[in-house]
Amino acid sequence: MGLRKLATAAMLLPGLACGGEEAPSPGSSSGSWESPIVRLEPDFILGGAAPDFALPVLPADGSTRSPGDTVRLSDHLGHVIVLDFWNTGCKPCVAEHATLGEIAEAFRSRGVRFFGITDFDTPASLARFADLHGPFSYPNLSDRPQSAKRAYRILGWPTKVVIDSAGNVAWWRPGGPIERHVLTGVIEDVLADRRPDAPTSAAYPSS
């Protein structure tokens, strides 16, 4: 492959996750995630401790948030946690909005916590989104400095991260819109202290 083609491929790879298609599973024939240019899988994270964060809550009614309205991940240890890295301009994110809300509601009584994380949106943009696509079933957090995005190696939207009750990353997968049975199955596995059956974008550490 020539240098010009290599450079073009490197520029395109980070945006793949927002293309509206499920990310290929390991060993798939497409080879999209085995590129010698950019390796997308966060091998050092999957199966290990979830990076902590403290992020302000973005109200979805256009109002200014109250001081001190912050979510710290470590405060929710003991619960299964689902993080949805997304933004309102991402078409796959829009397509899965209702499904995620329904799943969050279904698992709320079982202690599962959902959080949306966006590095672009504002209270006003979330309010417009809610008017068009329906209300949110869980808090959205502002990651303007992109600290959580970097910690979780988020290279495109949407990306789902499921954290077990011990605070370890059990599942990490870019792409969307997510299928209901896939995410539901992952959550059920993690609640039962099982390794999720659904493919991720990285292999578990061998050690």
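Of the residues making up region 37-63, those that are of a type in the set (A, V, I, L, M) and modelled with pLDDT of 75 or more number 8. Against the criterion of being β-branched (Val, Ile, Thr), in contact with a Leu (Cβ under 6 Å, 6 or more places away or on another chain) and either under 15 Å from LEU83 (Cβ atoms) or open to solvent by 20 Å² or more (accessible area, probe 1.4 Å) (or both), ILE117 qualifies. Looking only at residues of region 129-140 that are in contact with a helix residue (DSSP H, G or I) (Cβ under 8 Å, 6 or more places away or on another chain) and closer than 12 Å to ASP84 by Cα, we find that the one that is surrounded by the most Cβ atoms within 10 Å (Cβ to Cβ) is ASN140. If you go through region 85-134 and keep only what is closer than 18 Å to GLU188 by Cβ, in contact with an Asp or Glu (Cβ under 9 Å, 6 or more places away or on another chain) and not hydrophobic (A, V, I, L, M, F, W, C), you end up with just THR99.
Take the conditions (1) closer than 23 Å to SER74 by Cβ; (2) in contact (Cβ under 8 Å) with a residue 24 or more places away in the chain; PHE129 misses just one of them, which is (1).
If you go through region 77-91 and keep only what is open to solvent by 20 Å² or more (accessible area, probe 1.4 Å) and either assigned to a strand (DSSP E or B) or of a type in the set (D, E, K, R) (or both), you end up with just LYS91. Of all residues in region 147-174, those that are closer than 17 Å to ILE81 by Cα have Cβ atoms under 7 Å from Cβ atoms of residues that are assigned to a strand (DSSP E or B) and open to solvent by 40 Å² or more (accessible area, probe 1.4 Å), 6 or more apart or on another chain, in GLY167/ALA49; ASN168/ALA49.
Looking at region 92-200, the strands (runs of 3 or more DSSP E) lying wholly inside it that each contain 3 or more residues that are at pLDDT 95 or above sit at 113-118, 140-142, 159-163.
The values are calculated or read from the model by the stated rules, or taken from the named source; none is laboratory data. In this text, all values refer to a predicted model and were calculated from it rather than measured experimentally. Positions of Cβ are generated from backbone atoms using ideal geometry, with glycine treated the same way; all protein chains shown enter the neighbour counts. Just the protein is used for accessible areas: all its heavy atoms, side chains included, with ligands, DNA and RNA removed. Shrake-Rupley method; radii C 1.70, N 1.55, O 1.52, S 1.80 Å.
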